[in-house]
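One structure below.
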Amino acid sequence: MTSSAARDILALNTDAGDVDSALKALLDADTAFAARLLVTLSLPGLGRRSGIEPDDLRPLFGLRFVQQVTAGLLLEDAGADATGSAILAAIAAQAIASRISLPKGEEVFLAAWLNSTPAWRQAPAEWGPGAELVAALDRHAALAPEAPLSGARADLVAQTVRLGELLASLALPYPEANLLDLMQRAARIGLAPGEFAGLCADVERHAEEWGRHLGRPLKAGFAFDLGAPSHAVAVRFTTELADVYRYLLQNAAIDAETGLPNARYFRTRLESEWAAARRRAGPLSVIAVQCSGYAAGVARALREGARMQDVVCRTAELQFMLICIDTELAYAEKAAARIRGSVAEQDMGVSLGVATLDSMISSVDDLIERAQSAARDARAAGAAYQAWQAS
């Protein structure tokens, strides 16, 4: 059932000017695969949107997402997941993500589904997992009690994927996972044993839906009983551990050096503001700030130069991002100029890039990349700041 259109979809380049028409042409040429792709996107873990049309795919999901779902279907056709463990891990990981309020649970679903084959790791950068996520998945392959707590998004995604894989193993007839390992991993992302019953029920229900769609048996049966006396000590210990980690993860949204919200908070907040701007058809801008050193001083200058409604975050060692809510490009440029002046008064140098939500930007990642690209261009040109303009 392998589709040539599916392979051509993987070869599309998001930077190509005619990518929308190219994607539509491929789907029009293979209506069977197009229908299958649309149904897949409506299943648990991948959006639950009904009535999707081919023209909706890139505006709603972005090309990267569509390509990753396509890759999953190709792997399914190739029999890469003969035991069903990969799709069960994906279902479990997404259910876990929803319980720890990890934004974009569909990313977790795809990471768990596609991580079943090494080929995904060698996929093109445009739609592959990315070096940061690959490193995080490797970092959390084994439970390392001495590993430092990390609130970084890639680490949380990787931990959720690995926990999903463990839970999926326990749903198979001959599980390889260890229940205590499962509870400890769950605690490290703030998930207590008391939440497992609802989690397992979701996995069982969603597995039936996916099984019907894939046309093969896909059943999840969980036999473990956390209420058994033999588990009492482990349950009590991991419940307390989950409370501690939940508190620590909530506070991990703050960058210790500057006191600003960190990359995790920035991502969550920007996704929320993006959704709000889309609903009301309002403006939204971001400003990327790249500095050459002394992050604490730059952070202080940013706080002084930013407007009251601007959200200033530190997203990397020498990078900051500002979310400019209800701000059109012209006003975002003025905000960037004011920030640049505030930094210059303290004899520090930065490069700034401005990007504003418009019809050429189809995702949060797109908006971030436009601003960061403009900042890089500004640095290369020796300019104070630069705005990304749709051409």
(message) I need two numbers for segment 1-135: Rg to one decimal and Dmax as a whole number, Cα atoms only, in Å.
(response) 14.3, 41
(request) Step through the residues of segment 370-380 one at a time and calculate ³J(HN,Hα) from phi using the Karplus curve (6.51 cos²θ - 1.76 cosθ + 1.60, θ = phi - 60°), rounding each to whole Hz and writing x for Gly and Pro. (result) 4, 5, 5, 5, 5, 5, 5, 5, 5, 5, 5
(request) Could you list which residues have their amide H under 5 Å from that of Asp255, counting only those 5 or more apart in sequence or on another chain, with H placed in the peptide plane? (result) Leu260, Asn262
(message) What is the percent carbon and sulfur in the accessible area of the chain, measuring with a 1.4 Å probe over the protein chains and ignoring ligands?
(response) 52 percent
(request) Translational diffusion coefficient, Stokes-Einstein: compute it for segment 247-391 using the Kirkwood radius over C-alpha pairs as Rh, at 10 °C and 1.306 mPa s, and state it as an integer in µm² s⁻¹. (result) 106 µm²/s
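Summing -39500 (n - 2.57) over the DSSP H runs of n ≥ 4 in the chain and dividing by its residue number, what mean residue ellipticity at 222 nm do you reach, to the nearest 500 deg cm²/dmol?
Working: 16 runs with 213 residues, N = 391.
Rounded to the nearest 500, the figure is -17500 deg cm²/dmol.
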(message) Need the C-alpha centroid separation for segment 312-368 versus segment 278-301, integer Å.
(response) 4 Å
(message) Here are labelled values, [x] 7; [y] 26; [z] 19, and one is the computed percent of Cα pairs over 41 Å apart for what I pasted. Which one?
(response) [z]
(request) Equivalent ellipsoid semi-axes for segment 172-263, as square roots of 5 times the alpha carbon gyration tensor eigenvalues: give them largest first, rounded to whole Å. (result) 31, 21, 10
(request) Pick out, from Leu57, Ala90, Gln68, the residue whose Cα sits farthest towards the positive end of the charge dipole of segment 40-134, with +1 on the Cβ of Lys and Arg and -1 on the Cβ of Asp and Glu. (result) Ala90
(request) On a 0 to 90° scale, report how tilted helix 85-99 is relative to the longest principal axis of the chain, with both axes built from alpha carbons and the result rounded to the nearest 10. (result) 50 degrees
(message) Loop by DSSP (not H, G, I, E, B), at most 13 other beta-carbon atoms within 10 Å: where is the longest site-free stretch of the chain for trypsin sites (Lys or Arg not before Pro)?
(response) 220-391
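Taking 0.36 nm per residue of separation and subtracting the Cα-Cα distance, what length does fully extending Arg303 through Glu126 add? Let's see the in-between values first.
Working: separation 177, 0.36 × 177 = 63.72 nm, distance 3.40 nm.
Full extension from Arg303 to Glu126 adds 60.3 nm.
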(request) Would you check the accessible area of Tyr247, probe 1.4 Å, heavy atoms only, in square angstrom rounded to 10? (result) 140 Å²
(request) Multiply the residue separation of Ala11 and Ala201 by 0.36 nm, subtract the distance between their alpha-carbon atoms, and state the gained length in nm to one decimal. (result) 64.6 nm
(request) Starting from the Cα of Met360, move 7 Å in the Cα-to-Cβ direction to define the label point; list residues of segment 253-285 whose amide nitrogen is under 20 Å from there. (result) 278, 282-285
(message) With the crude spin-label approximation of a point 7 Å out along Cα→Cβ, what separation in nm comes out for Glu369 versus Asp347?
(response) 4.0 nm
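For segment 172-252, what does the relative contact order come out to in percent, with C-alpha contacts under 8 Å and a separation of six or more?
Dividing the mean separation by the residue count of segment 172-252 yields 47 percent.
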(request) Please determine, in degrees from 0 to 90 and to the nearest 10, the orientation of helix 31-41 with respect to the longest principal axis defined by the Cα atoms of the chain, where the helix direction is its Cα long axis. (result) 90 degrees
(request) Compute the acute angle (0 to 90°) between the alpha-carbon long axis of helix 329-344 and the principal axis of greatest extent of the alpha-carbon atoms of the chain; round to the nearest 10°. (result) 70 degrees
(request) Please go through segment 45-110 and write out the chymotrypsin sites (Phe, Trp or Tyr not before Pro) that DSSP classes as loop and that have at most 16 other C-beta atoms within 10 Å. (result) none
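How high is the relative contact order of the chain? Use alpha-carbon pairs under 8 Å, at least six apart in sequence, and give a whole percent.
Computed over the chain, the figure is 11 percent.
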(request) Kindly report, to the nearest 10 Å², the accessible surface of Thr268 as traced by a 1.4 Å probe over protein heavy atoms only. (result) 60 Å²
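The values are calculated or read from the model by the stated rules, or taken from the named source; none is laboratory data. These figures come from a predicted structure and were not determined experimentally. Heads up, the Cβs are rebuilt from the backbone with ideal geometry, glycines too, and the neighbour counts pull from every protein chain shown. Protein only, heavy atoms only, side chains kept; ligands, DNA and RNA dropped before computing areas. Shrake-Rupley method; radii C 1.70, N 1.55, O 1.52, S 1.80 Å.
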